1. Given the options B:S91, B:S149, name the one that is in contact (Cβ under 8 Å) with a residue 24 or more places away in the chain, small (G, A, S) and farther than 27 Å from B:W423 by Cα.
2. Which count do you get for residues in the stretch B:659-674 that are part of a loop (DSSP other than H, G, I, E, B), open to solvent by 30 Å² or more (accessible area, probe 1.4 Å) and more than 14 Å from chain A (Cβ to nearest Cβ)?
3. Going by what's in this entry, would A:R175 be described as modelled with pLDDT of 85 or more, facing chain B (nearest Cβ under 7 Å) and open to solvent by 40 Å² or more (accessible area, probe 1.4 Å)?
4. Please specify each residue of the stretch B:199-214 satisfying the condition of being modelled with pLDDT of 80 or more and open to solvent by less than 10 Å² (accessible area, probe 1.4 Å).
5. Could you count how many residues in the stretch B:634-653 are free of Cβ contacts under 8 Å to residues at least 60 places away in the same chain and part of a helix (DSSP H, G or I)?
6. Among the residues in the stretch B:163-177, are any of a type outside the set (A, V, I, L, M, F, W, C) and over 39 Å from the mean Cα position of the chain (by Cα)?
7. For the stretch B:730-750, what are the residues that are open to solvent by 50 Å² or more (accessible area, probe 1.4 Å) and within 38 Å of the chain's Cα centre (by Cα)?
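The values are calculated or read from the model by the stated rules, or taken from the named source; none is laboratory data. On a predicted model such as this, the values are computed, not experimentally measured, just so you know. Please note: Cβ atoms are built from the backbone with ideal geometry, for glycine as well, and neighbour counts cover all protein chains shown. Just the protein is used for accessible areas: all its heavy atoms, side chains included, with ligands, DNA and RNA removed. Shrake-Rupley method; radii C 1.70, N 1.55, O 1.52, S 1.80 Å.
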Amino acid sequence: MGLKDIITFAFAAILFSVYSTTAQSINDDEFGQVLQFTLEHELVKGKFTKRGILSVHSYSSEHVLYRDEAPLTDEDVLSLIKLAEARDIYRARVLFKVGNKVEYVYGFVYACDLLHSGLRDNLTLAFNSHGSLVGLHLSLTDSSKAAFESCTVKSGHLSPASLPRVFISHAAALRPVQGPAPETQIYIARVEEEKKRKHEAEQGDNRPLVMKYWMYIVPVVLVFMVMSAQDPNAQGGGGS
Amino acid sequence: MGINKNKFSFCMLIFLLFLQMYSVLALYEDEIGKHDWTRQFVGRVQHLEFDLPAGTTTRQRSQQLQGGSSSRRLFVATDHNVLAAIGLKSSRIIWRHFLEDAPVNGIKLCDGALFSMSNGLLRSWSTSRGILNYEISVQEQLEAKFAGSLACHEDPDDDRSLVFASTARRLVAVAPLTGALEWAANLDAGSGENHSEVTSFPNPDGLTVVTFDPTAGKMRLHRFGTESGVAKRTATVKAEWLTSLQRCAISVSTLACLDPAGSIRLLSLSSGSDFKPLPPSLAEQLGHAGPWQSVEEIGGQDLFQLTTNSGAVVAMLDASLATGPTGESLPAGSLLRYRGQVRFLLRQQGDGGGGVTLEASSSSSLVASNKISLSFASHHGRVSQLYPVTFVRKGGSSYGYRVVMTTRDADLHAFDDTGERQWMREESLAGIVSVEAVDLPSADEDELVTPGGSVFSSFAQRLSGQVHHFIHVLQHLMLCWRARPASQADSLGEFGYPDEAPAPPASAASSSGSGAGSLIRDEFNLHKLLVVATKDGKLAALDSATGRSVWRLMIPMPAAAAVAEGTAADSARTEARIEPLADGQMPLYIQRTTAHFPLEPMATVLCRDSSTGRPVLFSFNPITGIGIGLAQRLQSRLLQALLVPQPSHDNGQYIRPLMLLSDTLQVTLYPAKTALPHGFKSLNLYTIDRDNRLLQGYRLRLTEQQQQMSAISTWRLALHEPILVTAARRPTEQVHSVGRVLGNRHVLYKYLNPNLLAVATLAKDMVTPAPQIGDAYTQITIWLIDTVSGRVVASATHHHSSGPVSLVHSEHWLVYSLWNQKQRRFQLSVWELFAGNGLRDCMNATQPIVGKQSYILPAPVQHLAVSQTERGITAKSVLLALRSGGIMELSKAFLDPRRPFDMTPEFQEEGLMPYHPEVPMSTQAIVNYNQSLHRVEGMVTVPTGLESTSLLFVHGTDLFCTRVQPSKMFDVLKADFDYAFIAAVTIGMIIGSFVTQRLAARKALFRLWS
């Protein structure tokens, strides 16, 4: 259960740290290189438009800052509602450069769920151990309300005016941890400890063998003596 | 002993019950092969030598041949890098050696010993036992890729023989008997470092060696005598147009090469300094003008066989053009070989199979010229190589011959000079790429009734089903009766090499009935058919109980008319073959099981056409091996193919449609007319793009009109690093319990996500400093990815590690093995995933808690697999295919991240073992005891009707099938269980209880009266 607690605590700590940091508070010199990624989203099928900027410290652990750059226009909200009505998905992608080529990774949520949650989402960026971006995962901040494919939006039910224009997003980074290795050191230490303990226990009782086990030896000797005393009679009886 | 049974019956009963719980852990000698079978193969034959040089006339040798005719054998080197001796009469493997992972460049018999050349090493083997006599490194400096060549110089006049072995840089001449180095010469191979090629050919006074550097386009020619390493002649020839020496053929005095346009160019080995094209006048004499597909040396004096699409020409090509080419036209698919004075011509029509004739003719009168027709089943395809051998008959007055040949499916056949087939080795089974287990048909009618139908329709359906079944049983009985005498005669065919009848015609299903006679499901469904697909495009079914091939079938090429780009396909028609998909897979899909009785079961294989690269689908009945319809070539490339989880009940066909996603995101179903199951809404799938290192998720769903399927890419991951292996949970896997009870009575819930994909990638290790010697370290990253949402669930990096990596994912855990470069040992790691805050859906779940632990594996491992049982109640075992040839069964309990360092009563109650860094290796855990399995390519586990038992099928160069019982046989009584005694005791106790009840009642009555 300890492990579970630790993980929950760590998760809470990550969330807290993301909350507490503001866009200006990070000093570039302290944390090394800052990577900036452009986040784009697809409100009209096949057309990605800019949504915000994600700033990541390449070799620090989980700090990712998200800055919403382009608040939604009325038109954007209408197209989002249209996506939701068609039970379609809302995709967002992150651009990055490989050599001279611009590559991208993307993730999705159901557009309808996003609308119902009031544009509150979590962005998780996955990196590999060299610090290259591997993937983007979108999820709702309040996942218990997600209905996925069964989520419905009745036409005219949602009005563009009632919807927020800015995404309220929490971003985090996920990096590979160190893989497990055979715990030979700890094991050998334990074995040594055990050996020492055994050795000490043995040293505490260094009486001769007979003195240590007289209570077992005496009955056996007694039995033998009784047996050997009876034997000549038995043999004699058999022989006659 | 005199135990009073009546007195202690109850105690004895308890005691005996305890005794039954222990099962036997060891294997008795008479149990070998009872529940398992092994078949050993060598692979596709690439080089073949008979135990005597062909066409020898020396008296001494002919006597030797007559005397030792029973032990005559042939030596083969194969694409599995196996060197083996096979009995020419028995077809058994006499000895077999697995050489290192480098192609065998050639084998030669020289002075009574067998020589092999591979990886720059010349080895001499004793022919009788296969013992290594000696090994010589031709080149001191090791290279990544060795080209090599081997030749034997035997002079009939003097007794001096020499073995010549050469790499592209150095030539050695070795005395065959002693292995003493006679002389060595350095060959100037040019700057092409590791890519230089070499070929050589003995000539009357020595040897000609040709090296070729493809990067510089330069060829060097060396002629050596037998006495010294000083070249008699060296010449440099420019050949920029040549891509590889594989497009050349060398003979005594001529080197013939094909240029990219397909015309022939000749080089005289004795005097030429440049390639000469064939003059047009002489080319006309050949009858064909080309373009030529290939050129082959066929065992004569400067005789070459030139092949085009439509036919072949045999020509004596002399580079000095003193003698013109004497062309002889041959039909397509013909093979011509010379053995001394004897000329063997094999003609085959069409796709081979049946229409094969062999003509042997000789200028000498010792061999009777004859023409024989050879027959073998059509599923072998064309003859691809012909190896004839001649020998002196008893009495020495006449010669006889044998032919050994390989067919397109890699099988090896031997025929004698009357045209009778002596044996056939199913070497195609050494190239299995995919396996699917099929349940045999049973009398279970429960599934005949369509759910949701009315009472009357169900009743009618059931009745008709029963009638069908009854008729089928009657037919089957009649067939058995009729086939009985014939099957007795057939039983002479020894195990594993059954005598083969011609393929059953597709129309008459009855002819296959005799073969399928014993194919009925047994009580516990332990008897199954293993349907396999080989890399040569062949399908076969193996009986899981005996290992015998039940049927074999070559995947037919789709009709050429179906191809849109007709011209492109036509030009390469002779080359077109069925081959595995780009990732080496050839997936098999069971679209309809045997449970729907009157309907035939249906399986489909997905492969591709080598000439166009277009995917090909072919359906067949997995029980009888009869094709259903024709093979279909798809017009677009496929991204993914997936079986729809539920069968469609439309029209009572019960076919699970195969959903095909093309590269233009078009979704089609196969078979095209199948409807989707009711209530089908959407389907998520993913693709792995190894070239671009991308993973991509797709969602398929029905459009508004409910007619068409549409696909959209939902997520995309860029892994940046080469993908080594991937593993996903088996879709049919059953999980019995969702949690683990801890010692303190709390429950740890498993993170059971059926959509997880485990991926292993390889990258450069930037953290660990490079070692002083050798290459820099690499690192392995393991990713766990949710394939529906595209979320990285967990990832971990192992520094200074490299492959081979093998991954296994089952239930909530992942086990993998890798090589630790720094510690120089194999390592086995386990991850277990537990749900953090109860059970959540896959889209928004919090990260699971991942417990990890690693162990040292004291033996190299090639593959991992996990046992599968029907309900998942039985504990799991991880099966490790060791490089040493053993398959080790390791209980999952040894691989548990919760194994503690310090034992507490709570852990003890949970049944955990204290942590030990090394995985225990016991010889008792080797399920294949002494039957070592080499070059294991894959392991397949199949659940059976018995919860305790799962079938294990191992394929590679050898095949092996056994039963695995991770928790021992807890659900079956032993064969020697004393039923009579138990029954007697039970009845006795029942009677006893009645009597005592009566007595007690009487006593109570008496007490009341008194």
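1. Just a single option satisfies the conditions, and that option is B:S149.
2. Number satisfying all stated conditions: 4.
3. No, not satisfied.
4. B:L207, B:T208, B:V209, B:V210, B:T211, B:F212, B:D213
5. Residues flagged as free of Cβ contacts under 8 Å to residues at least 60 places away in the same chain and part of a helix (DSSP H, G or I) within the stretch B:634-653 amount to 2.
6. Among the residues of the stretch B:163-177, not one is of a type outside the set (A, V, I, L, M, F, W, C) and over 39 Å from the mean Cα position of the chain (by Cα), which makes the answer no.
7. Residues satisfying the conditions are B:R730, B:P731, B:T732, B:Q734, B:H736, B:V738.
For every residue, the table says whether it meets (1) more than 10 Å from chain A (Cβ to nearest Cβ); (2) more than 28 Å from B:S682 (Cα to Cα); (3) open to solvent by less than 50 Å² (accessible area, probe 1.4 Å); (4) under 36 Å from the mean Cα position of the chain (by Cα).
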| residue | (1), (2), (3), (4) |
| --- | --- |
| B:L752 | yes, no, no, yes |
| B:N755 | yes, no, yes, yes |
| B:D765 | no, yes, yes, yes |
| B:I785 | no, no, yes, yes |
| B:S789 | no, no, yes, yes |
| B:T797 | no, yes, yes, yes |
